[in-house]
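The values are calculated or read from the model by the stated rules, or taken from the named source; none is laboratory data. All figures in this text were calculated on a predicted structure; none of them were measured in a lab. Here the Cβ positions follow ideal geometry from the backbone for every residue, glycine too, while neighbour counts run over all protein chains shown. Remember, those area values only see protein heavy atoms, side chains included, never the ligands or the DNA or RNA. Shrake-Rupley method; radii C 1.70, N 1.55, O 1.52, S 1.80 Å.
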Amino acid sequence: HSQTMLPGFKDLAIEAARSSVAQYMFEYVDSNGVVTTYPLPGGVDPSDLRRREVLRFIVTDANRTTSARYSREHITQASALTMLVSTIFIIMVWFFGVSSFAGPVM
């Protein structure tokens, strides 16, 4: 597991992961304690992220610990948009449903 201690291997592995599945990783701390930061897509500044928009993974093996921090901003924004659209839809269904049943009675 000491492969991340080799700078060339570490950089190659992280760039491969960032280009495929970990594109929202913005900070990596290797087992030597060296902190490496990366830019986020869209020019988002990591210091502007809220606490719930940051996900941290910690991997510990024997005496070594590595960690990475990821942005979840895109997930929270998509979730908020979904909740907003569904709320508007429910209000419209309720309004038109009540109107169509109560209207003929009045």
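Worth pointing out:
- Residues that are assigned to a strand (DSSP E or B) and at pLDDT below 90, drawn from region 55-66: Leu55, Val59, Thr60, Asp61, Arg64, Thr65, Thr66
- Annotation: Glu27 fulfils all but one of (1) in a helix (DSSP H, G or I); (2) touching a strand residue (DSSP E or B) at 6+ places or on another chain (Cβ under 8 Å); (3) among the acidic types (Asp, Glu); the unmet one is (1).
- If only residues of region 67-81 that are assigned to a helix (DSSP H, G or I) and touching a helix residue (DSSP H, G or I) at 6+ places or on another chain (Cβ under 6 Å) are counted, the one that is surrounded by the most Cβ atoms within 10 Å (Cβ to Cβ) is Glu73.
- Considered as a group, the residues in region 33-54 that are assigned to a loop (DSSP other than H, G, I, E, B) and surrounded by fewer than 12 Cβ atoms within 10 Å (Cβ to Cβ) include one that is farthest from the chain's Cα centre (by Cα), and that residue is Gly33.
- Which numbered condition Gly97 fails, given (1) in a helix (DSSP H, G or I); (2) open to solvent by 50 Å² or more (accessible area, probe 1.4 Å); (3) not acidic (Asp, Glu): (2)
- Cross-chain or 6+ apart pairs with Cβ under 7 Å, region 33-47 first and over 17 Å from Ala13 (Cα atoms) and touching a residue at least 24 places away in the same chain (Cβ under 8 Å), then assigned to a loop (DSSP other than H, G, I, E, B) and open to solvent by less than 60 Å² (accessible area, probe 1.4 Å): Pro46/Leu40
- Sole exception among (1) closer than 10 Å to Ser71 by Cβ; (2) modelled with pLDDT of 85 or more for Arg51, by number: (1)
- Selection status of Gly103, more than 22 Å from the chain's Cα centre (by Cα), at pLDDT below 80 and not hydroxyl-bearing (Ser, Thr, Tyr): yes
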